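K.L.:
The structure that follows is given in the form of structure tokens.
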Amino acid sequence: MKRLIDGKYLLGIILIGGFVLRLISLNQSLWLDEATTALVSRMSLGNIFNFFLPGDFHPPFYYLLMKYWVLVFGSSEISLRLPSVLFGIGTIYVTFLIAKKLFNSRVGLIAGALSATSGLMIYYSQEARMYSLAMFLVTSIFYLFLEKKWILFSLSLLFLGMTDYVALLIVPVFFIFDEKSRKKVFVSLLPLLITFALWLPLFLRQLGGGLSAKGGSWWNILGTLSFKNVGLILVKFILGRIGFDNKIVYALIAIIVCGLFGYMLFKSIKSSKLIWEWLLVPILLGILLSLKLPILHYFRFLFCLPALYILIAYGVEKIGKYKNVFITVLLAINIASAFYYLLSPRFQREDWRGAAREVGLDTVIFPKNVHTEAFYYYGKGSQIIKISDLDTIRGTIWLSRYVWEITDPEDLTRHKIESLEYSKVGEYNFNGVVFWRYTKSLYAGII
């Protein structure tokens, strides 16, 4: 009884600690994709399905969820991110349940503690996007599979399929793992298959739009197959979204830390076939798919991270008398990387809020009039002009240099501004959001 009480007490501490960590810096500026979530949540259902989703490459469930969330809780930065925080906490708890069921409570608590302090999990538990929801659904699906709760398993698969396409790469795991359950798994997939059949026309429009970018600059940065992108999956899983200016130092730290975590994986090599398949099968399938589609970015496989922590927790349990030392070291690495992100603005999101504040009431121009979502969210939409309006403007203009190499590779917007006798008077970098400020005399061109 005492052990049970202690286990529940420790689990409570882990969940509360994970929640507190996810509240730190939650109010940072929305970055561009989060601003898209905010704007979509304000759209009518007709506009979401007819105008937005055909040009996006995600299913509708997360956007619909956020639409109704915003109606109740508003669309502040914290409100928009709170669902992801809650899904992150849910993931910690279900990770504990899986590890406890497969092994024991101690392995479950270690896996839960690693999940609670994971820098990468914390980052995406603070993002108003669908990745935290997809991770929670995948983790829940594996637990429901172990519990043979087929109706809930089926519903969770349906919600997952309508949340994130890449996360569906877990489905083959259930057919590979247990031959006896294949029929039930297939029957459980029927609601998803029927729904996807109805969704197929819109999916094909999304796919066609995505493939139209093949060969362009966007295609190359979305996650094409490369040794770097494959290696970053493990490195970012462990260290999160942090880095060091000195690449040699970063590489040495990554090698040492990945070696330590890799040793724990080696110790768990004879543990659960199901968890190993959860970790490896989607990533291997993703590598194959990336030959045709650019999906090989580590964050797209966030749903595999709980499997990694369950395996590492089992490996720690097999260490022997030094297990407490290894637990301490692993948690220290997680906490250090998490706080390096949480307390360092340079590793946080693009500061569109700061850019909007600095611009004030001045005029703003975006090349090709794209990537304007954050400025609309921060109330600057009426100040955005098109390049054709430049001839009528005097005073100060702020030119967005955000990924201009992709949207305006010939730099035509800048050349147009400077040809109209505007003078650059400043460059501003808001954590990756760069603007150049131009001014023009009221009398320019008159004399």
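Only the coordinates and a few stated rules stand behind these numbers; no lab work does. Everything numeric in this text was worked out from a predicted model, so none of it was measured. Here the Cβ is made from the backbone with ideal geometry for all residues, glycine too, and neighbour counts use every protein chain on show.
K.L.:
What is the order of Val230, Val138, Val166, fewest Cβ neighbours within 10 Å to most? Show your work: numbers first, answer last.
P.N.:
Working: Val230 15, Val138 30, Val166 24.
So the ranking, lowest neighbour count to highest, is Val230, Val166, Val138.
K.L.:
Using alpha-carbon pairs under 8 Å, 6+ residues apart, how would you state the relative contact order of the chain in percent? Before the final figure, lay out each step's value.
P.N.:
Values: 621 pairs, mean separation 80.9, N = 447.
Taking the mean separation of contacting Cα pairs over the length of the chain, I get 18 percent.
K.L.:
At each listed q (0.11, 0.19, 0.21, 0.22 Å⁻¹), what is the log10 of I(q)/I(0) that the Debye formula gives for region 115-236 modelled as equal alpha-carbon point scatterers?
P.N.:
Here log10 of I(q) over I(0) equals -0.50, -1.21, -1.27, -1.28.
K.L.:
For the chain, with the dipole built from +1 on Lys and Arg beta-carbon atoms and -1 on Asp and Glu ones, taken about the Cα centre, which of Thr439, Gly381, Leu239 lies farthest toward the positive end?
P.N.:
Checking the options against the dipole of the chain, the answer is Leu239.
K.L.:
Among all helices in the chain defined by DSSP H, which have a length of 15 Å or more along the axis from Cα atoms plus a Kyte-Doolittle mean of at least 0.0?
P.N.:
Numbers: long enough: 2-23 (32 Å, 1.12); 61-73 (18 Å, 1.43); 77-102 (38 Å, 1.17); 105-117 (18 Å, 1.08); 131-147 (24 Å, 1.62); 150-161 (16 Å, 2.18); 182-211 (35 Å, 1.13); 227-239 (18 Å, 1.75); 247-267 (30 Å, 1.91); 273-289 (23 Å, 1.95); 305-317 (18 Å, 1.55); 323-342 (28 Å, 1.47).
Span-like helices here: 2-23, 61-73, 77-102, 105-117, 131-147, 150-161, 182-211, 227-239, 247-267, 273-289, 305-317, 323-342.
K.L.:
Among Leu412, Leu157, Leu144, which one moves the most in a GNM of the chain with springs linking Cα atoms closer than 10 Å?
P.N.:
Looking only at Leu412, Leu157, Leu144, the biggest GNM fluctuation is shown by Leu412.
K.L.:
Computed from these coordinates, which is Kirkwood radius over Cα pairs in Å: (i) 23.7; (ii) 21.8; (iii) 22.4?
P.N.:
Only one listed value fits the structure, namely (i).
K.L.:
Under 10 Å, Cα contacts only: if you run a Gaussian network model on the chain, which one of Met43, Met66, Met121 comes out with the highest mean-square fluctuation?
P.N.:
Met43
K.L.:
Now for a separate question. Mind jotting down a quarter of the surface of the convex hull over the alpha carbons of region 288-331, in square nanometres, one decimal? Show your work: numbers first, answer last.
P.N.:
Details: hull surface 16.3 nm².
Dividing the Cα hull surface by four gives the mean projection, 4.1 nm².
K.L.:
Using all C-alpha to C-alpha distances in region 260-415, build P(r) with 10 Å bins and read off the rounded percent in each one.
P.N.:
Pairs per bin, as whole percents: 9, 23, 21, 18, 16, 10, 3, 0.
K.L.:
If you don't mind, there's one more thing I want to ask. All other residues with a Cβ under 13 Å from the Cβ of Leu211 taken together, and with Lys, Arg as +1 and Asp, Glu as -1, what is their net charge? Walk me through the numbers on the way to the answer.
P.N.:
Values: positive: Arg205, Lys214, Lys292; negative: none.
Result for the local shell: +3.
K.L.:
Residue farthest toward the positive end of the dipole of region 2-347, with Cβ of Lys/Arg at +1 and Asp/Glu at -1: which of Val171, Leu21, Gly74?
P.N.:
It is Val171, whose Cα lies furthest towards the positive end.
K.L.:
Under the rule of at least 5 residues apart or a separate chain, name every residue whose amide H is placed under 5 Å from the amide H of Thr363.
P.N.:
Result for Thr363 returns Thr396, Trp398.
K.L.:
Here's something else I'd like to know. For the chain, set up a Gaussian network in which alpha carbons nearer than 10 Å are linked by springs, and say which option among Ser105, Ser125, Ser76 fluctuates the most.
P.N.:
Per the Cα network of the chain with a 10 Å cutoff, Ser76 tops the list.
K.L.:
Under a Cβ-only charge scheme (Lys and Arg +1, Asp and Glu -1), can you give me the dipole magnitude of region 352-440 about the Cα centre, in debye to the nearest 20? List each step's numbers first, then the result.
P.N.:
Working: 12 positive and 12 negative charges, 56 e Å.
Its charge dipole is roughly 280 debye.
K.L.:
What's the magnitude of the charge dipole for the chain around its Cα centre, counting Lys and Arg as +1 and Asp and Glu as -1 at the beta-carbon? Answer in Debye, nearest 20.
P.N.:
Here the size comes out at about 1720 debye.
K.L.:
Roughly how far apart, in whole Å, are the Cα centres of region 1-71 and region 245-261?
P.N.:
31
K.L.:
What does the net charge come to around Val107 if you take all other residues with beta carbon closer than 9 Å to its beta carbon, with K and R at +1 and D and E at -1? Don't jump to the answer; show the numbers that get you there.
P.N.:
Numbers: positive: Lys100, Arg106; negative: Glu317.
Overall, the nearby charge balance is +1.
K.L.:
For every other residue with a beta carbon closer than 14 angstrom to the beta carbon of Tyr63, add +1 if it is Lys or Arg and -1 if Asp or Glu, then tell me the sum. Walk me through the numbers before you get to the answer.
P.N.:
Details: positive: Arg42, Lys67, Arg129; negative: Asp33, Glu34, Asp56, Asp164, Glu373.
So the environment of Tyr63 carries a net charge of -2.
K.L.:
Also, quick follow-up: Let me know the number of lysine pairs in region 197-328 closer than 21 Å at the Cα, not counting same-chain pairs under 8 apart.
P.N.:
13
K.L.:
Rounded to the nearest 5, what % of the DSSP beta bridges within the chain are antiparallel ones? Numbers along the way, then the final one.
P.N.:
Working: 13 of 18 bridges.
If I count the DSSP bridges inside the chain, around 70 percent turn out antiparallel.
K.L.:
Can you give the longest stretch of the chain with no exposed loop site, where a site means GluC sites (Glu not before Pro) in a DSSP loop (not H, G, I, E or B) with at most 16 other C-beta atoms within 10 Å? Before the final figure, lay out the partial values.
P.N.:
Values: sites that count: Glu410, Glu421.
The longest uninterrupted stretch comes out as 1-409.
K.L.:
Take every Cα-Cα pair in region 352-440 and report what % of them are more than 16 Å apart. Don't jump to the answer; show the numbers that get you there.
P.N.:
On the way: 1825 of 3916 pairs.
The share of Cα pairs beyond 16 Å in region 352-440 comes to 47 percent.
K.L.:
Something else about it: Rounded to the nearest 500, what is the 222 nm mean residue ellipticity of the chain from helices alone, with -39500 (n - 2.57) per DSSP H run of 4+ residues and division by all residues?
P.N.:
On the way: 20 runs with 269 residues, N = 447.
Value at 222 nm, helices only: -19000 deg cm²/dmol.
K.L.:
Only counting other Cβ atoms within 10 Å, I'd like Leu65, Leu158 sorted with the fewest neighbours first.
P.N.:
On the way: Leu65 16, Leu158 21.
Listing Leu65, Leu158 from fewest to most nearby Cβ atoms yields Leu65, Leu158.
K.L.:
Here's another thing I want to ask about it. Calculate the dipole size of region 21-139 relative to its Cα centre from +1 charges on Lys and Arg beta carbons and -1 charges on Asp and Glu beta carbons; express the result in debye to the nearest 20. Present the calculation step by step, with values, prior to reporting the outcome.
P.N.:
On the way: 8 positive and 5 negative charges, 92 e Å.
Dipole of region 21-139, to the nearest 20 debye: 440 debye.
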